[in-house]
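The values are calculated or read from the model by the stated rules, or taken from the named source; none is laboratory data. Small disclaimer: the values here were computed from a predicted structure and weren't measured. With ideal geometry, Cβ positions are generated from the backbone for all residues, glycine too; neighbour counts draw on all protein chains shown.
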Amino acid sequence: MSKTPVKKSTKKPAAKPAVAAAAPAPAKVKVATMWLSGCSGCHMSFLDLDERLVDLSKLVEILFSPIVDTKVKDMPYVDVGIVEGCVNNTDQEHELKMLRERCKLMIALGDCAVTGNVPALRNQFALKDCLIRAYEQAESNKICCIPNDPVVPKLYPKARPIGEVVKVDVSIPGCPPDADTIWFALTELLAGRMPQLNEKNMRYD
Amino acid sequence: MTSNTILINPVTRIEGHAKITIHLDARGEVDDARFHVVEFRGFEKFCEGRHFTEMPNITPRTCGICPVSHLLASAKACDAIVGREIPRTAKMLRELTHMGQIIQSHALSFFHLSAPDMLLGWDSDPLKRNIMGLVEQQPAIAVKGVRLRKYGQEMIKTVAGRKIHPDFPVPGGVNKALTIEQRDTMLAGMGEAFEHAKFALDLLKGYHAANLAEVEDFGCFDSNYMGLVQPDGALELYDGNIRFCNAKGEIIHDQIPPSKYLDYVGEAVEPWSYMKFPFIARLGYPHGMYRVGPLARLNVCSHISTPLANAELKVWREKRRVQSSSFYYHWARLIEVLYALERAKQLLEDPQITSTDILVPNEPVNPEGVGVVEAPRGTLIHHYWVNKDGRMEKVNLIVSTGHNNLAMNKGVQHVARKYVKAKKLKEGMLNRVEAVIRCYDPCLSCATHAVGKMPIVVELMDADGTVVDTLRK
Amino acid sequence: MIAPKKITLTIDGKLCEGDAGQTILEIARNNGVAIPTLCYMKHLTPWGGCRLCIVEIEGSPKIVPSCTTPAMEGSKVNTKTDRLVSLRKATLELLFSERNHFCPMCQLNKGDCGLQHQGLAHGITGIRYPYLYPAMPIDVTAKYFGMDQNRCILCTRCVRTCDEQEGVHTLDVAKRGIKNQIVVDMNGTFGESTTCTQCGACVANCPTGTLFDKANAFRGQLASCQQVLTTCTECSVGCGLKVFTKESRVVSVWGDPDSPVNKGHLCVKGRYQTWADPRERIITPLIKGKPATWKEALAAVRKASDTAKKAERALLVAPRVTNETAQTIAKLAGKIGRIASYVGSNEAAFVAKPEHSANAMVKLPDADAIIIIGGQPSRDNGVVAATIRTTVRKRGAKLFIFLAPKTNLDQYADVIAPTPGQEESFWNDVAAKLAGFQRPAVVCGPDVTTADGKAVLARIAKMLHGRSPLMVGVPVSANAMSLACSGIVPVENVGAWLAEKPVKFLHIVASDAPDGGARLLEDAAVAAQLKKAGCVVVQASYKSALTDAATVVLPAAIWCEKTGTITNFEGRQLPVRPVLAVAGEAREDGTILESVFA
């Protein structure tokens, strides 16, 4: 890692301040986000906070997320875990459980995480049929097989909303939820309150 | 000596779920590298049985970054089933939404996902090497990026009703007309957007000039290219015919109507990735590899129909007619932002843009329909088959990033060979291998009709599977 | 009838007045107290199945559904206790868990769905029960609508609608317990159904996206549309319409619940054929098929009209034009030439002397015997057929059908006689069957004017002598009687009428007939006459074989662009209101006729 060089000041050292040093700034809330089987729209809606992201960056630090490039030794212990998408395969179940263990409060963000939504449409079909359609029958296929290398995770017979895999503390439905709703929920939580959602600030689509 | 496999799991700052494995030979040199996409959702099956009018609402849930692309390709496939020409205003409004999307998606790709490497340094503190870090360390630049993306998103919201997953295009047209006030508001914000776009271009060109050796040979390899063009060969993003050209820029197939894509494109499946491998049918697999997206589109087109972007295209082509280094994707992306702004302005200044003549009936007449658009990341193909009641019988999707699958694999091999020399792993090496993927700005949600992300783990294993070295994110 | 006794009760601390016999829900709503519901619908028999309207009555431990519980004088009712709210939430969560309620791809998303509304209003962000994800069928075989069972909450509004409003009972609930499912007939599809009339009332009454319209899918949410009340001009019943519009298009058509004629019900013609069929609209004048200006077109028309003598000019009018258009024609009659309205088979005599059946639609449900003579309401006047069916099936009336071909009303009839003869034994039997009914109604169609029809009517009238039967005459054509009143002679055999005198200038007002007037050409004699006529002007809204054969086409306004009135078969003068601006260069019928003939 590069270090910023320390510049030696040529000025006289300043006089000691008359007032006591200000209290240290409150510790930022530690946040981790992940997206499972979804479309990333909820994270994009989060990014639609636009300039409010700057305000948010003063209150929270995102230690782990698809949109940042954090490399910490293990998945960090955080205060809040925000999860988008539903559980479709073995890798995702593992990640989700890992995050649940390492966060104090878990938020299910978006319809896929809360209800299953579009990825759960495949629950009405046999998994085998979905794979055969995509990898054998599709009209543009010329060389076919069903992917089964160990590097690709196994799919479960049904996609499941995260609440059926781990305990969820806050659910924010929407496909995606509006940036304003995400802002409301986060600021309420930061103020120590559970966010109250209803027809004024919530949607199911 | 034993052969070794390096696993990068997952790739970060891309849209989607992926792993990279790098296979070393006996001497510790890179033998092969693979880009594995690890998610699958099954859109091509679970749409069966639904009424075809729902397709423009289901398919955008493939991807939250470029839902508009799916909306439009889907609506066009449905239009083909309806068998009617949609009103001119509807076409213009759809294209306007598309321009908004190009602006926001390319801004996201450049500022939020890739610029941190360029502006903060490839080897800079990984904890800060992201959009939040950019906001902290280079706020003036970060804000420009945020505002440029915002302009694009606001354009989508104004025209289509919502930023992400608007329900706007329908079979037969669009369901919302544009008011005069809305048109004027968008025109008013254009000046600032143009400034940010030009700023980004200058920034990028400055980086190119300062890092010439690196950018000229980053994921650089010959390939064919695919993109939509207008009848005169100009760049086209919403409507148009398909053109393929080779590594020298010579045209292989030209002005192919989108409905004929099956005659030209085939797909292969590998057991180690959920993402399929499209190839030019006539050239076979894997020789028929081709690239799509901004780099490909600028290679394939003869010119750009708007003046500012066309001037930048000429600068882009100064060194050579066809660019093959993956790094040129970033530059091409920003030229497209300029085109999108200019094109949006043309559309907004057309007096018919506020007409309410935006729909024709949606009765299904034809048993199948194909809709093709140039999504930010490349050519997007939706192909539907219906019965006489409008019930979806079959779906085939070839999604933008999918076309780049072979190329991304090649890119990873190229960069891995250049930077992975020793058995000892360095963090910066990891980042560079991922960075070549970022050039393609992949949308793996789209490509596998799936999404996901995990922390990166790099493990160096010997032939017995014993972990020799570990680097974790 | 004795006026019901007034009662008073307290609901949520508010003193509310109502009639004895009313339910708690009815009185609450009439007094501005909101109670959530899903399965309740005014005009339908309350079912009490969704359990959202539950209330607590002080002094009773029970929780009751307010939609089926009669209000008691002096009782104290609470509708929003913590217990009730908690139970409602649990109910909604169970509903969400049971099937696949995914809003993003639903046609009723964004404001038109009752389940979505209740979920949001109750602050439901997630559910405590596991999702079942059953594989449910989707039936899109009906022409105008689809049924997606993934979204169904089994409120049975569609079943009750089909049974109590359209009267065919195509829909019902099959299987048991969690496997309960709405079925079409014996678990068939809409496309195969021989009972479904495609009236679409079930779609309008479905609170979720289970039943959705195809032609307006995702084209506008009704919740955010403008609404205009007008009248249907497809037949002589004149049902009240509530038209939903957005920007410059019709999004949907529902019945006007306050219309005494149809009370919110519609048939397939009014609900769908008015807007959902794709037709090619003509919006500029055409001269020999090529677009022209009004100036050019009128010049050509007047030139041709002026060169013909008055006796050589003929005006044929579709009976669907408004009263005002008819009056304009009457006013211009002196300058035109021969004038006639072209009506259906046997209608000429039927409508020539307009005899309105005042308040028939209000009185018909009270009949205890309905005798149809020479008419096919199920084909021609859907809402009359619905009224007959529901009166027979729900109110115990008996049905007798004479001189009508096989229709779907036959299955409810005690006597069906498509070709009644003169055998006395037969008629004695009929008289015996008709004896005892105190409130008979005779519903006549145009075939009653034939010799056979007159004979049957005479016999029936004799049998019902002294019992003041409700006499109802229902023409097929809309507004034909009004035109007759204005002196426009109704004609059945148009070919013969045209051939009476040589025609050099023929002006046909097809108006907004959905077929663009093509029906006229089915008569070979008419087609031949058209060829003989020097100049054929067709005033129409839609392209057809007739407009293709015309010398000049003048674009006419359609039903939702017209201003005026029609008179229905009951004699009510009903408003035809402009719901949308006239499209393109089209003009109102009367305006066009004045430009041509004044």
Q.
Residue under question is C:S357, and the condition is that it be polar (S, T, N, Q), at pLDDT below 95 and buried (at least 18 other Cβ atoms within 10 Å of the Cβ); does it hold?
A. yes
**Q.** Flag if C:P475 is assigned to a loop (DSSP other than H, G, I, E, B) and either of a type in the set (D, E, K, R) or touching a residue at least 12 places away in the same chain (Cβ under 8 Å) (or both)
**A.** yes
Q: Give the residue, chosen from B:Y290, B:Y285, that is within 12 Å of chain A (Cβ to nearest Cβ) and either in contact with a strand residue (DSSP E or B) (Cβ under 8 Å, 6 or more places away or on another chain) or crowded, with 21+ Cβ neighbours inside 10 Å (or both).
A: B:Y285
**Q.** Sole exception among (1) outside the structural domain of C:G517 (by TED's automatic domain parsing); (2) part of a helix (DSSP H, G or I); (3) touching a strand residue (DSSP E or B) at 6+ places or on another chain (Cβ under 8 Å); (4) closer than 26 Å to C:W559 by Cα for C:K363, by number
**A.** (4)
Q: Looking only at the range A:119-127, decide whether some residue is facing chain C (nearest Cβ under 8 Å) and touching a residue at least 40 places away in the same chain (Cβ under 8 Å).
A: yes
Q: Taking B:V143 as the residue in question, decide whether it is at pLDDT below 80 and farther than 17 Å from B:L204 by Cβ.
A: no
(Q) more than 12 Å from chain A (Cβ to nearest Cβ), more than 24 Å from B:H70 (Cα to Cα) and buried (at least 16 other Cβ atoms within 10 Å of the Cβ): which single residue out of B:M186, B:M132, B:M155, B:M190 fits that description? (A) B:M190
(Q) C:A299 - would you say it is assigned to a helix (DSSP H, G or I), surrounded by fewer than 19 Cβ atoms within 10 Å (Cβ to Cβ) and in contact (Cβ under 8 Å) with a residue 24 or more places away in the chain? (A) no
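Every residue, every condition in (1) surrounded by fewer than 17 Cβ atoms within 10 Å (Cβ to Cβ); (2) free of Cβ contacts under 8 Å to residues at least 24 places away in the same chain; (3) assigned to a strand (DSSP E or B), yes or no:
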site	(1), (2), (3)
B:S273	no, no, no
B:P278	no, no, yes
B:L295	no, no, no
B:L298	no, no, no
B:N310	no, yes, no
B:K314	yes, yes, no
B:Q323	no, no, no
B:L341	no, no, no
B:D357	no, no, no
Q: From the list C:G146, C:G119, pick out the single residue that is outside the structural domain of C:G209 (by TED's automatic domain parsing) and of a type in the set (G, A, S).
A: C:G119
Q.
Of the residues C:S66, C:S86, C:S60, only one is more than 14 Å from every other protein chain (Cβ to nearest Cβ) and either in contact with a helix residue (DSSP H, G or I) (Cβ under 8 Å, 6 or more places away or on another chain) or aromatic (F, W, Y) (or both); which?
A. C:S66
Q | Residue within the range C:512-520 that is farther than 30 Å from C:V250 by Cα, touching a residue at least 24 places away in the same chain (Cβ under 8 Å) and not assigned by TED's automatic domain parsing to the domain that holds C:D380 present | A | no
Q. Is there any pair linking a residue in the range B:205-216 that is in contact (Cβ under 8 Å) with a residue 24 or more places away in the chain to one that is surrounded by fewer than 15 Cβ atoms within 10 Å (Cβ to Cβ), with Cβ under 8 Å and at least six apart or on different chains, and which?
A. B:K205/B:V315
Q: Could you check how many residues of the range C:118-164 are polar (S, T, N, Q) and within 9 Å of chain A (Cβ to nearest Cβ)?
A: 2
Q) Among the residues of the range A:184-204 satisfying the criterion of being in contact (Cβ under 8 Å) with a residue 60 or more places away in the chain and crowded, with 18+ Cβ neighbours inside 10 Å, which is nearest to the other protein chains (Cβ to nearest Cβ)? A) A:Y204
Q. Got at least one residue in the range C:399-410 being surrounded by fewer than 20 Cβ atoms within 10 Å (Cβ to Cβ), touching a helix residue (DSSP H, G or I) at 6+ places or on another chain (Cβ under 7 Å) and not assigned by TED's automatic domain parsing to the domain that holds C:G344?
A. yes
**Q.** Count of the range A:57-88 residues which are modelled with pLDDT under 90 and within 28 Å of B:T62 (Cβ to Cβ)
**A.** 9
Q. If you go through the range C:47-63, how many residues are surrounded by 17 or more Cβ atoms within 10 Å (Cβ to Cβ) and out of contact with any Leu (no Cβ under 8 Å at 6 or more places or on another chain)?
A. 3
(Q) Which numbered condition in (1) of a type in the set (A, V, I, L, M); (2) facing another protein chain (nearest Cβ under 7 Å); (3) assigned to a helix (DSSP H, G or I) is the only one that B:I65 fails? (A) (3)
**Q.** Tally, over the range B:23-46, of residues that are more than 7 Å from every other protein chain (Cβ to nearest Cβ), crowded, with 24+ Cβ neighbours inside 10 Å and not aliphatic (A, V, I, L, M)
**A.** 2
**Q.** Tally of residues being in contact with a Leu (Cβ under 8 Å, 6 or more places away or on another chain) and more than 14 Å from chain C (Cβ to nearest Cβ) across the range B:354-371
**A.** 1
Q | Hits in the range A:135-161 (condition: within 20 Å of C:Y133 (Cβ to Cβ) and facing another protein chain (nearest Cβ under 7 Å)) | A | A:L155, A:K158, A:P161
Q. Would you call C:D82 under 37 Å from the mean Cα position of the chain (by Cα), surrounded by fewer than 19 Cβ atoms within 10 Å (Cβ to Cβ) and without any contact (Cβ under 8 Å) to a residue 40 or more places away in the chain?
A. no
Q: Kindly indicate whether any position in the range A:36-50 is more than 13 Å from the chain's Cα centre (by Cα), modelled with pLDDT under 95, surrounded by fewer than 23 Cβ atoms within 10 Å (Cβ to Cβ) and within 21 Å of B:S105 (Cα to Cα).
A: yes
